[in-house]
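Computed from the coordinates by the stated procedures, all read-outs in this text should not be read as laboratory data. Owing to the predicted nature of the structure, the values given are computational and were not obtained by experimental measurement. Every residue, glycine as well, gets a Cβ built from its backbone with ideal geometry; the counts of neighbours run over all protein chains shown.
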Amino acid sequence: MVLILSPSMMCAKFSYLSSEVDSLNKANIDIYHMDVMDGRYVPNFALGPEDISTVRKNTNKKLDVHLMIENPRKYVKFFSDLGADIIYFCPDAEQQSARTIDDIHAQGKKAGIAVNTGTSFETVKELLPEVDYVLVMTVHPGFASQPFQESVIPKLRKFAEEKEKYGYILGIDGAVSRERIKALHKLGVDNFVLGTSALFGKEQSYKEIISDIRKEN
Ligand SMILES: O=C(CO)[C@H](O)[C@H](O)COP(=O)(O)O
């Protein structure tokens, strides 16, 4: 089964962003995960256009933007022009979710939905035939280093069961440790967003960690 490893760049060292990207390129990661927070939809601010451009300039790998912002549809072209390959938005932040997916596809990009801890499988089910990626939040969105929300596991199982039927790539984001990757990859999760729990701020190098995770799975 496919294993996609996506570093959460809000956890990288910002004074050295280009060299962080260089190390992560060499560590053979798959997708750069860029959290965009507006201080309204979530109570925090994170990654802006300059950060996204810096990462884009320093890699040919895929880059996603995870829009934790109000009215995401308004900004599809903006983030598309910055070089995002995949655009995730939160359906509960947008009244026009189906149109937002169409807009993302019209830009030639892959569309993803981020399913927050308080959003049920049933609420977003109708969007599943249209999306390329589903990202289930395993922490409340907004901050790194929070506790894993075990209560999302039954919902995650439902997304895993429907994955083949609709053809989306299933990911999780938040408190993703190496132990959880092992358990949840077996459950059907393809894409793991790696923040402080598995990748950043560790003694081992990025290259060693990524290589170990691939061996362990
Ligand atoms: O989306 C996020 C927060 O909303 C971060 O990507 C994620 O939490 C980072 O990982 P960790 O929890 O392991 O620090």
inquiry  = Can you tell me which residue is nearest to the chain's Cα centre (by Cα) among those in the stretch 51-65 that are more than 16 Å from Asp22 (Cβ to Cβ) and of a type in the set (A, V, I, L, M)?
reply    = Val65
ask   = Is it the case that some residue within the stretch 105-112 is among the polar types (S, T, N, Q) and either within 15 Å of the chain's Cα centre (by Cα) or closer than 30 Å to Lys165 by Cβ (or both)?
value = yes
request  = Please specify each residue of the stretch 120-151 satisfying the condition of being more than 14 Å from the ligand (Cβ to nearest atom), among the β-branched types (Val, Ile, Thr) and not in a helix (DSSP H, G or I).
outcome  = Val131, Val134
Single match in Lys182, Lys163, Lys125 (criterion: closer than 21 Å to Gln96 by Cβ and out of contact with any Phe, Trp or Tyr (no Cβ under 6 Å at 6 or more places or on another chain)) = Lys125
Scope the stretch 174-188; condition in a helix (DSSP H, G or I), of a type outside the set (A, V, I, L, M, F, W, C) and within 15 Å of the ligand (Cβ to nearest atom); matching residues = Arg178, Glu179, Arg180
key: Yes/no for Phe89 being over 19 Å from Gly167 (Cα atoms), touching a strand residue (DSSP E or B) at 6+ places or on another chain (Cβ under 9 Å) and among the aromatic types (Phe, Trp, Tyr)   = no
ask   = Looking at Ala98, Ala84, which one is touching a residue at least 24 places away in the same chain (Cβ under 8 Å), of a type in the set (Gly, Ala, Ser) and surrounded by fewer than 17 Cβ atoms within 10 Å (Cβ to Cβ)?
value = Ala98
query = Here is a list of conditions, (1) over 30 Å from Pro154 (Cα atoms); (2) in contact with a Cys (Cβ under 7 Å, 6 or more places away or on another chain); (3) among the hydrophobic types (A, V, I, L, M, F, W, C), and Ala114 meets all of them except one; can you say which number that is?
reply = (1)
